[in-house]
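Accompanying notes for the structure given below.
The values are calculated or read from the model by the stated rules, or taken from the named source; none is laboratory data. On a predicted model such as this, the values are computed, not experimentally measured, just so you know. All Cβ positions, even for glycine, are placed from backbone atoms using ideal geometry, and neighbour counts span all protein chains on display.
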Amino acid sequence: MKDRVNAASPWRDRISALRNMPAVLRILWQSGRAVVTWGLFLRVIVATLPFGIAKIAAYILNDIAEVIRGHALAPNFWKLVIAEVALNVSLGLITRAIDYSDSLLANRYTQYVSVRVMEQAARLDLTTYEDPVFYDRLERARVQATDRLAMIQQLGRLVTQIITTLAFSAALAFASPWLVLLLALGVLPSFLGETHYAFLGYAKNFRQTPAKRQMDYLRQVAGSREGAKEVKLFGLNKFFTGRFQALADQIYLEDVTLSRSKLIVGGLLGVIGTLGYYGAYVYVIWRTLHGAYNIGEFGFLTTAIQQASSNLQQVFSTASGIADQALFLTDLIAFFDMKPTVLSKTDGLPAPVPIRTGFEFRNVSFTYPGTNRTVLKNFNLTLSPGERIALIGENGQGKTTVVKLITRLYDPTEGEILLDGIDLREYVLEDLHRHIGVIFQDFMRFEMTARENIGVGRVDQPYEDSDIEVAAQKSLADTVVAKLAGGYDQMLGRRFEGGVELSGGEWQKMALARAYLRDAQLLILDEPTAALDARSELEVFERFAELTQGKMALLISHRFSTVRMADRIVVLSGGRLIEEGNHQQLIDKNGLYASMFEMQAASYR
């Protein structure tokens, strides 16, 4: 989908948006085949019942007129009355059954689409999440996943309205084609107006998405536990609420301007529709007074005019609403159509077990999409089984990018990364990830139980409670759990009732436990101890050195007291490997590493 809405071509955009309908209908069908089928069947019946009721009413009216003239009551009169009552009762019961069917379908659809959005979001590349335009689209897709229920109900109503309209319009056309023409000419202007304002409403909402995201952010920052301290200490309340109010006023002004215009123009077009209806009504009266129709036919035709006019307006209104909803669904369909670029080959290889020769970066360069800055330039590095490597360098030199490339969250812009001599792109991606354990500096704090917080590290393989406890011991998270009233079943975080908040260091130990539970062949720690005090950090890395014996390990840290434990230290600058060796070798070289080490050591003297 385009990331801008062209206000100069609303009709083209609306017609283009209707191309979403096959995809939407496919999603609807997949969410509940039996419910959809049953609902359509009931709607066809409901759509034809009003015509039958009106026709029977006409016969009853004629029979009553004959009795008034002095003739005998028709022998089947009461049967007709019973039939009309039965049809009306059936209409009420089937309408309730349709409501029940719609509620089932709404639940199925919401669940199905929400799961699809979550699955699709998980499939997309990491680079996608670094694009603000994608976040706008993702936000609209998330909203559309649950807020398009109105369209689902409108689709069902449209089926009923079209069938009912065709039935009564056919009867009117048989009596006089002018009746149908008058009704159509009255309804068409209103439909065009509704369609135009539906597009303007979509364009407005599309335009307001970034502002609404800012409002959500400001609301969250000003009212969150995390931001409460700084908001109070720096007096940020008025600053945040002022910005929020300015955005809210801007959105309100746009909403009111559109609503006012729609009220005036829509009202005038509605008058035209009313005149069309009464033009047809007066025509039938005139024809009846001149003997063209008897009293029963007059009653039937006036009912047909009312039903045809009402349903024709509803058809146009519902179709306009569906077109409106289809515009909003453009982002959802476009979101589902997005394809990841980091994929497994259909005939991909399983990850080697055990890894024999290790990883090799061969002339790797990488540039983040949408930027011109090359983060890595002709980067070469090997990581052998059993080897522990530390990556150091100033911020922005490509250390975390190396982690993202070796885990194949990204693919290199140039060059290749080999595992046991085979390009990473030849392996099944999911299988490759099973053999890698990672903890990033910005690790997740899952607001679940302590057991689940650790267990998410190995959801693809079965594990026992004893495995959780061993992983917690390795990361020192067992000391955290020992303080919790509920032990491993204690809910963590404040989002849910009974939850307990942890300190940054305690959360970090839980994240480390996840990495240890994975029992991977490659363990990667990206600034894993940033939130720990010096004593806890020393304990963690003493455990780390012990627990990574015989495994490959990649460590990123700014603290030289920890990186010196590595078998080999790799120094990055300007996206290149400029030095490597153990701690003493690099000190003896008196290069960048020695300079950085001396600066950090001096701060402790």
So in the range 553-586, with the set limited to residues that are among the β-branched types (V, I, T) and surrounded by 16 or more Cβ atoms within 10 Å (Cβ to Cβ), which one is farthest from K377 (Cα to Cα)?
T562
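Return yes or no: is Y293 more than 30 Å from I389 (Cβ to Cβ), touching a Lys or Arg at 6+ places or on another chain (Cβ under 9 Å) and either free of Cβ contacts under 8 Å to residues at least 12 places away in the same chain or not β-branched (V, I, T) (or both)? Steps first, answer last, please.
Details: more than 30 Å from I389 (Cβ to Cβ): yes; touching a Lys or Arg at 6+ places or on another chain (Cβ under 9 Å): yes; either free of Cβ contacts under 8 Å to residues at least 12 places away in the same chain or not β-branched (V, I, T) (or both): yes.
Considered against the rule, which asks whether it is more than 30 Å from I389 (Cβ to Cβ), touching a Lys or Arg at 6+ places or on another chain (Cβ under 9 Å) and either free of Cβ contacts under 8 Å to residues at least 12 places away in the same chain or not β-branched (V, I, T) (or both), Y293 comes out as yes.
Residues that are under 26 Å from Q549 (Cβ atoms), within 26 Å of the chain's Cα centre (by Cα), touching a residue at least 24 places away in the same chain (Cβ under 8 Å) and part of a helix (DSSP H, G or I): does the range 425-433 have at least one? Write out each step before concluding.
The initial filter retains those residues of the range 425-433 that are under 26 Å from Q549 (Cβ atoms), namely 427, 431-433.
In the following step, the residues that additionally are within 26 Å of the chain's Cα centre (by Cα) were identified as 433.
Narrowing the set further to residues that are touching a residue at least 24 places away in the same chain (Cβ under 8 Å) leaves 433.
Then drop every residue that is not part of a helix (DSSP H, G or I), which leaves 433.
Yes, that holds for at least one residue.
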With touching a residue at least 12 places away in the same chain (Cβ under 8 Å), part of a helix (DSSP H, G or I) and more than 28 Å from the chain's Cα centre (by Cα) as the only criterion, which of T330, T302 stands out?
T302
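Being surrounded by fewer than 16 Cβ atoms within 10 Å (Cβ to Cβ) and in contact (Cβ under 8 Å) with a residue 40 or more places away in the chain is the filter; apply it to the range 338-348 and report the residue that is nearest to Y129 (Cα to Cα).
Narrowing the range 338-348 to residues surrounded by fewer than 16 Cβ atoms within 10 Å (Cβ to Cβ): 339-341, 343, 345-347.
After this cut, where a residue has to be in contact (Cβ under 8 Å) with a residue 40 or more places away in the chain as well, the list is 340-341, 343, 345.
Numbers: P340: 12, T341: 13, L343: 16, K345: 23 Å.
In this case the residue turns out to be P340.
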Condition met for V438 (in a strand (DSSP E or B) and either touching a Phe, Trp or Tyr at 6+ places or on another chain (Cβ under 7 Å) or crowded, with 22+ Cβ neighbours inside 10 Å (or both))
yes
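Within the range 50-107, work out how many residues are among the charged types (D, E, K, R) and part of a loop (DSSP other than H, G, I, E, B). Don't jump to the end; show me each part of the working.
Within the range 50-107, the subset among the charged types (D, E, K, R) is 55, 63, 66, 69, 79, 84, 96, 99, 102.
Okay, now just the ones that are also part of a loop (DSSP other than H, G, I, E, B), so 69.
Number of matching residues: 1.
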Do you know which of the residues in the range 220-245 that are among the hydrophobic types (A, V, I, L, M, F, W, C) and surrounded by 14 or more Cβ atoms within 10 Å (Cβ to Cβ) is modelled with the highest pLDDT?
F244
Quick check: anything in the range 524-542 surrounded by 15 or more Cβ atoms within 10 Å (Cβ to Cβ), at pLDDT 85 or above, outside the structural domain of L502 (by TED's automatic domain parsing) and among the hydrophobic types (A, V, I, L, M, F, W, C)?
yes
Take the range 382-406 and flag every residue that is in contact (Cβ under 8 Å) with a residue 40 or more places away in the chain and more than 29 Å from V353 (Cβ to Cβ).
I392, G393, E394, Q397, G398
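Residues of the range 369-421 being charged (D, E, K, R) and either within 14 Å of S557 (Cα to Cα) or outside any loop (DSSP other than H, G, I, E, B) (or both), which ones? Give the steps one after another, and end with the answer.
Going residue by residue through the range 369-421, those that are charged (D, E, K, R) are 373, 377, 387-388, 394, 399, 404, 408, 411, 414, 416, 420.
Scanning the range 369-421 gives K377, R388, E394, K399, K404, E414, E416.
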Of these, Q314, Q250, which one is under 24 Å from R140 (Cα atoms) and out of contact with any Pro (no Cβ under 9 Å at 6 or more places or on another chain)?
Q250
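Can you find, within the range 86-102, the residue that is nearest to P50 (Cα to Cα) among those that are among the charged types (D, E, K, R) and without any contact (Cβ under 8 Å) to a residue 40 or more places away in the chain? If you could, list the steps in order and put the result at the bottom.
Here is the first cut: in the range 86-102, the ones among the charged types (D, E, K, R) are 96, 99, 102.
From what is left, the residues that are without any contact (Cβ under 8 Å) to a residue 40 or more places away in the chain are 96, 99.
Values: R96: 16, D99: 18 Å.
Filtering the range 86-102 for residues that are among the charged types (D, E, K, R) and without any contact (Cβ under 8 Å) to a residue 40 or more places away in the chain, the one nearest to P50 (Cα to Cα) comes out as R96.
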The range 173-218: number of residues that are over 18 Å from R142 (Cβ atoms) and in a helix (DSSP H, G or I)
32
